[in-house]
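The values are calculated or read from the model by the stated rules, or taken from the named source; none is laboratory data. Model, not experiment: these values are computed from the prediction. Cβ sites come from the backbone with ideal geometry, for glycine too, and all protein chains shown count toward neighbours.
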Amino acid sequence: MGPIWAAGIILITAYAQQSTFSLQQAKTMDRHLTKTFQIPAGSMSFFTISSMLTTIALYDRVLIPIMRRLTGLDRGITFIHRMGVGFVISIMATFVAGFVEQKRKHTAIVHGLVDDPHAIIPLSYVWLVPQYALHGMAEAFMSIGHLEFFYDQAPESMKSTAMALFWTAISLGNYLSTFMVSMVHKFTATKDGLNWLPDDNLNKGKLDYFYWLITLMQVFNFIYYVVCAKFYTFKPVQLQMRDSDGSKNELELVTTEE
């Protein structure tokens, strides 16, 4: 289970950017719904949560019944496949985020706002919705599949550690995100004090490069995950049967999920 568990860390690293740099992006963009009301930057996570809940509902009500008829599996698709779909969607999320950041910076350049870190760029917050929504979809597939995988595949004596493994992956993913930011600050710093991720003015940075760096990491992580999944053997399932005299016999069957 260890290699499959480790693969989930990078996805959390990608997801963590929503509460850091995606939030900074939102602060510089036009978030008005009406002339007098605008969405707070911190509330942009609404789109992630909404996307995740919608995906879960469609997954349970639509996708599982269809896949159940196609695959013959009670779950529709295996945990391995569900997590794999989550990885692919997360790759798409950070890839799209890089292009959105390019669009945001280009708009700032066109309107002469690059040197003003507090200026509101005339670009709608709607441009950020796809990356938030894709992260929500990735969560619905990967994180839930990850947790179900732990509970299903952990030995009976270790069921209580399944949640601990899940939260440990989340913690390490966030720590890795912090470490990456520190390394980017160190290795991309120039003599004038700028780097890819400046603290004072995001318009002068290269956040799009950072998003694509995470995308590249996720691609390698997905390849690693596919290799691990290819060689993973599902936990045997024990069934109890009673003989005519009432005695119990245990049969060990290997799960048919592949």
- Query: Which one is surrounded by the most Cβ atoms within 10 Å (Cβ to Cβ) among residues in the range 37-61 that are closer than 17 Å to Ser143 by Cα and among the polar types (S, T, N, Q)?
  - Reply: Thr48
- Query: What's the number of the condition Pro117 fails, among (1) in a helix (DSSP H, G or I); (2) within 16 Å of Asn201 (Cβ to Cβ)?
  - Reply: (1)
- Message: I need the full set of residues from the range 103-114 which are free of Cβ contacts under 8 Å to residues at least 24 places away in the same chain and in a loop (DSSP other than H, G, I, E, B), in order please.
- Response: His111, Gly112
- Item | Among (1) touching a His at 6+ places or on another chain (Cβ under 8 Å); (2) free of Cβ contacts under 8 Å to residues at least 12 places away in the same chain - the single one His118 does not satisfy | (1)
- With the condition kept exactly as written, say whether any residue in the range 129-149 is over 18 Å from the mean Cα position of the chain (by Cα) and surrounded by fewer than 20 Cβ atoms within 10 Å (Cβ to Cβ). no
- Pairs, first without any contact (Cβ under 8 Å) to a residue 24 or more places away in the chain in the range 57-77, second part of a loop (DSSP other than H, G, I, E, B) and basic (Lys, Arg), C-beta under 8 Å, six or more apart: Ile64/Arg75; Arg68/Arg75
- Determine which member of the set Asp208, Asp192 is modelled with pLDDT of 90 or more and among the acidic types (Asp, Glu). Asp208
